[in-house]
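Data first, discussion second: the structure below is written as structure tokens.
The values are calculated or read from the model by the stated rules, or taken from the named source; none is laboratory data. Just so it is clear, the structure is predicted and the values come from calculations on it, not from any experiment. Cβ placement follows ideal geometry from the backbone for every residue including glycine, while neighbour counts extend to all protein chains displayed. Only protein heavy atoms, including side chains, enter the accessible area calculation; ligands, DNA and RNA are left aside. Shrake-Rupley method; radii C 1.70, N 1.55, O 1.52, S 1.80 Å.
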Amino acid sequence: MTTAKSYHSIIIGGGHNGLVCAATVGRAGKSVLVLEAGSELGGAARNREFAPGYNVSAGAHLLHALPSELARDLDLPGHGLKFAGQSLPTQALSTVGKPLRLGDRQVDGSELSAADIAAYTRFSTAMSRYAATLLPIFQSVPPRLVIETWAQKFEFMKLAWQLRRLGRRDMRELLRIIGMNMYDLLDETFASDRLKGALALDAVLGAEWGPRAPGTVLTYLYRLAGMAGGKGLGVAQPLGGMGAVVAAIAASAKQAGAVLRTSARVKRILVENDRACGVELESGETIRAENIISNADPRTTFLSLLGAAHLDTGFVRKVHHLRASGRAGKLHLALKGLPNFTSIDAVALGDRLLVAPSMDYLERAFNPSKYHEYPSEPALEISIATVRDPSLAPAGQHVLSAVVQFLPYDAGADRDRNRAACLEAILVVLEQHAPGIRNLVASAELLTPFDIEQEFGMTGGHWHHAAMGFDQFFFTRPVPGAAQYRTPVDGLYLCGAGCHPGGGVMGIAGRNAARRVLEGAR
Ligand SMILES: Cc1cc2nc3c(=O)[nH]c(=O)nc-3n(C[C@H](O)[C@H](O)[C@H](O)COP(=O)(O)OP(=O)(O)OC[C@H]3O[C@@H](n4cnc5c(N)ncnc54)[C@H](O)[C@@H]3O)c2cc1C
């Protein structure tokens, strides 16, 4: 069956990037249709009732990278987006004493020396300044490496100018550290193991390597750039969970005229005369459009939906070799009451909590994943969202979610047993901080990267759809020939986390892709 109506743009996937893209195209007065495979919109940014009455942000649980001007442009507050908390401090938990409390420029903790406290202010100020330098790069469409026009030359000049503006001393320091690993940089800056552990976890959250890997200073700066170099919302908890962010973006897209369909899985992208011209759904329905924009990850888009026959072999090889094996898992606990974390009071339980007592702890948690094994003591980023937003669970009850680093992509026959053993190991770690928490657990769920792939349709279960290494970054993200959101096939674009600037709930890839489509790329 062919649907008679033809659209300006079809977007494959209703993740938050697909929805931002739809809202942007719709606001330009163009007809746009979003086709989402799942029964709900939002992809890895949606909510899920994982146990009766207990709602959780199913993938992403803390918002830190959504640009405020994007929220303003799409009028997300007007479409219901509210926050249960903004600029949440980070509490680096301890089993023996008070935690460290990390704020924007200040760190508190009785175990810290005066030298470390002063060094933190210097370090966070300098890193935010470097991140602010990267911000325009972070938010823009990467320029092409082949410079043919004055406009392209201008893009490069803008990049150089950003760096130059830092001044000679800072520019030299940024160039010294940017290729370093976070382990060495933190070791030369601080003495406290817990402080170094907390900062190092920020560099590797969602990544597939430990703090000793080259490029981890870059990923740390990247995280800060996503936080607008310290001028954004900070770490925020959306009221109603991450699903509320998606609901607001979807409402904005609808108001702009976008048609949003769920349970509409695209089976293949149709190509005529070397140009993408429509899609065929699993139901057999075909729909035509001038532009096809894929929010699905690059491997799914090129190898499953488009097909290698439409691409040259060199390009297909690059897509095959794209590194996209996730190592972040997700824990959800339904709790019959508020757990008693011995080191912090009940109010601070609503902050961002970290179990990353040292960089060596992180390295030890990372090492087994290299051999497809599970860590015995995983690193955790915990949010107990119900402390600030009781609407997510039945009265008096709570939901704890945690990003769990580093779990292997395990599709093996023993995966159920391995997952259960890993859940047990996490509960042992949590018991050390909150004795008795195990007795409060009404229901528990651990998603490994394999489960995340199944649940959200992200190849490899990777947070960023593709690793954020130097080789898959900016000009070359996801692969050379498909940066700048366009692809080797005319009329086919990418708009998801696999594009620049990568994953995280920020909508920049969706917005940039829409702009490329509207300006008619090429
Ligand atoms: C465990 C975990 C924790 C995370 N925590 C955080 C966090 O705390 N903060 C943060 O900022 N980020 C976090 N992230 C990262 C963030 O969730 C993702 O980077 C982001 O949601 C990606 O958005 P997207 O729209 O690009 O892609 P996705 O969310 O992956 O959306 C893609 C959509 O395309 C759909 N699709 C795929 N194939 C088809 C098809 N054939 N037909 C139709 N539809 C299709 C999928 O169903 C999906 O809805 C986390 C990720 C994970 C996995």
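Points worth noting:
- Among the candidates Ala28, Ala4, residue that is away from the ligand (no atom under 16 Å from the Cβ) and modelled with pLDDT under 95: Ala4
- Here the strands (runs of 3 or more DSSP E) wholly within region 45-136 that include at least 1 residues being within 16 Å of the ligand (Cβ to nearest atom) are 47-51, 54-57, 83-85, 90-92.
- Positions within region 1-22 being buried (at least 24 other Cβ atoms within 10 Å of the Cβ) and either more than 20 Å from the chain's Cα centre (by Cα) or under 20 Å from Thr459 (Cβ atoms) (or both), in sequence order: Ser9, Ile10, Ile11, Ile12, Gly13, Gly14, Gly15, His16, Asn17, Gly18, Cys21
- Yes/no for Phe302 being modelled with pLDDT of 95 or more, surrounded by fewer than 22 Cβ atoms within 10 Å (Cβ to Cβ) and in a helix (DSSP H, G or I): no
- For beta carbons closer than 8 Å, sequence separation of 6+ or different chains, a first residue in region 149-167 that is among the charged types (D, E, K, R) and a second that is assigned to a helix (DSSP H, G or I), the qualifying pairs are Lys158/Pro136; Arg164/Met171; Arg165/Thr133.
- Among the conditions (1) in a loop (DSSP other than H, G, I, E, B); (2) within 30 Å of Gly85 (Cα to Cα); (3) out of contact with any strand residue (DSSP E or B) (no Cβ under 6 Å at 6 or more places or on another chain); (4) not small (Gly, Ala, Ser), the only one that Tyr361 does not satisfy is (1).
- Residue satisfying condition, being modelled with pLDDT of 95 or more, open to solvent by 10 Å² or more (accessible area, probe 1.4 Å) and within 24 Å of Ala225 (Cβ to Cβ), within set Leu62, Leu76: Leu62
- Unique match (being out of contact with any strand residue (DSSP E or B) (no Cβ under 7 Å at 6 or more places or on another chain) and of a type in the set (Ser, Thr, Tyr)) among Ser9, Ser39: Ser39
- In summary, helices (runs of 4 or more DSSP H) completely within region 163-266 and bearing 2 or more residues that are within 22 Å of Ala119 (Cβ to Cβ) occur at 168-177, 182-187, 193-204, 216-226.
- Residue check, Ala118 under 28 Å from Arg165 (Cβ atoms), among the small types (Gly, Ala, Ser), touching a residue at least 40 places away in the same chain (Cβ under 8 Å) and open to solvent by 30 Å² or more (accessible area, probe 1.4 Å): no
- Qualifying residue in region 285-304 (condition: over 20 Å from Glu381 (Cβ atoms), within 16 Å of the ligand (Cβ to nearest atom) and aromatic (Phe, Trp, Tyr)): yes
- Residue in region 492-511 that is touching a Leu at 6+ places or on another chain (Cβ under 6 Å) and β-branched (Val, Ile, Thr) present: yes
- Residues in region 504-518 that are farther than 16 Å from Val34 by Cβ and either aliphatic (A, V, I, L, M) or open to solvent by 10 Å² or more (accessible area, probe 1.4 Å) (or both): Gly504, Val505, Met506, Ile508, Arg515, Arg516, Leu518.
- Residue check for Ala324: hydrophobic (A, V, I, L, M, F, W, C), within 12 Å of the ligand (Cβ to nearest atom) and surrounded by 20 or more Cβ atoms within 10 Å (Cβ to Cβ): yes
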